[in-house]
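Structure record follows, encoded as structure tokens.
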Amino acid sequence: MHNPGLQARHLDAQYVRLHVHPEEFAAAVHACREAGMVGINCTIPHKRAALEIADTVDPHARRFGVVNTLVFREGRIFGHNTDGPGLQRALEEEFGAPLASHRVLILGAGGGAGRAAAIQCAQAGCARLTLVNRTRDKIERLAAELADEYPADRVILQDVPDPGETDLIINATSVGMNPGDPLLLPPGVLETRHCVYDMIYSPPETPLLAAARAAGARAANGLSMLLHQGTAAFELWFGPPAPVDAMRRGLLESLPSS
Ligand SMILES: NC(=O)c1ccc[n+]([C@@H]2O[C@H](COP(=O)([O-])OP(=O)(O)OC[C@H]3O[C@@H](n4cnc5c(N)ncnc54)[C@H](OP(=O)(O)O)[C@@H]3O)[C@@H](O)[C@H]2O)c1
């Protein structure tokens, strides 16, 4: 998605992929900077090391505890995290309402992506936050962690998801990626008023999204989250606004099914 974005902005630059072993990470980052690169994205297993190598980490990335975007500027390394902001942009684009207006239920809130989603929803000031996770103690720890920045009486922990008092449901589990995966919600609980976002984008239609559409609810897969963590990174490197349409086309064209 980045190369079509660079072309759309007439920038004489290229986005390239480097495979780096953890023990080589610091040397690779410094080599990239010295070679005149604008910045890098990094993914598992480098996100913690990226936080440590940055001279300055934005408060948001520090809150998440991991960095996925580095910017090289004026001889310094700046660390950011675009996962949470990317999710917020995606949700607001897909469902046309500010995240703050939603009562959110997160399936898999104890996983990495679910925790990031919960922090983003709390920071956006969503109306209510219901956390569901197979392993209960992870959401108990998360709820305690959120207490500093979000009213505890607006957080609900559930073992069996009940979306009765919510309007936005986010699947942050990996359930739905494999054929035959179950629906994580009890049957019949989805209604037309629900917005359902599945972070999974491959396959594009999970049992949860199919159930949402069958119930007349609005439904979207995680491709827009992937796109917008990229548009947020692009803006950190080159300034806003990112060429979203060109990046979206590039992303769609890169998918194996297209
Ligand atoms: N669209 C995007 O840009 C984007 C970005 C990041 C992640 N994702 C997707 O988000 C999903 C989660 O990724 P992650 O990195 O957060 O993984 P993770 O840290 O391994 O977390 C996995 C989550 O799924 C839950 N889970 C797994 N199997 C389950 C089952 N059979 N029943 C109920 N819950 C189950 C886990 O519960 P326990 O805690 O009980 O194990 C945990 O909450 C993946 O599908 C990933 O592809 C998408």
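Observations
For every residue, the table says whether it meets (1) polar (S, T, N, Q); (2) over 26 Å from Y15 (Cβ atoms); (3) touching a His at 6+ places or on another chain (Cβ under 7 Å).
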| residue | (1), (2), (3) |
| --- | --- |
| L190 | no, yes, no |
| R193 | no, yes, no |
| E205 | no, yes, no |
| A210 | no, yes, no |
| M225 | no, no, no |
| T231 | yes, no, no |
| E235 | no, no, no |
| L252 | no, no, no |
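- Candidate set from the stretch 79-111 (those that are within 30 Å of A27 (Cβ to Cβ) and in contact (Cβ under 8 Å) with a residue 60 or more places away in the chain); member that is farthest from the ligand (Cβ to nearest atom): H80
- Residue check for F72: buried (at least 20 other Cβ atoms within 10 Å of the Cβ), closer than 21 Å to S224 by Cβ and either of a type in the set (A, V, I, L, M, F, W, C) or touching a strand residue (DSSP E or B) at 6+ places or on another chain (Cβ under 8 Å) (or both): no
- The residues in the stretch 155-176 that are within 14 Å of the ligand (Cβ to nearest atom) and assigned to a loop (DSSP other than H, G, I, E, B) can be counted, and the count is 8.
- The lone criterion from (1) surrounded by 15 or more Cβ atoms within 10 Å (Cβ to Cβ); (2) closer than 30 Å to E140 by Cα left unmet by A100 is number (1).
- Those helices (runs of 4 or more DSSP H) lying entirely in the stretch 184-258 with at least 1 residues aliphatic (A, V, I, L, M) and assigned by TED's automatic domain parsing to the domain that holds V66: 223-238, 244-254
Yes/no per residue for (1) buried (at least 19 other Cβ atoms within 10 Å of the Cβ); (2) at pLDDT below 95:
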| residue | (1), (2) |
| --- | --- |
| G125 | no, no |
| L129 | yes, no |
| T135 | no, no |
| I139 | yes, no |
| A144 | no, no |
| D148 | no, yes |
| R154 | no, no |
| Q158 | no, no |
| P163 | yes, no |
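- Which listed residue, of G86, G110, is touching a strand residue (DSSP E or B) at 6+ places or on another chain (Cβ under 9 Å) and of a type in the set (G, A, S): G110
- In the stretch 10-48, the residues that are surrounded by fewer than 16 Cβ atoms within 10 Å (Cβ to Cβ) and either among the β-branched types (V, I, T) or in contact with a Pro (Cβ under 9 Å, 6 or more places away or on another chain) (or both): V16, P22, T43, I44, P45
The values are calculated or read from the model by the stated rules, or taken from the named source; none is laboratory data. Keep in mind that this is a model prediction, so the values were computed, not measured. Counting neighbours? That spans all protein chains shown, and the Cβs are built from the backbone with ideal geometry, glycine included.
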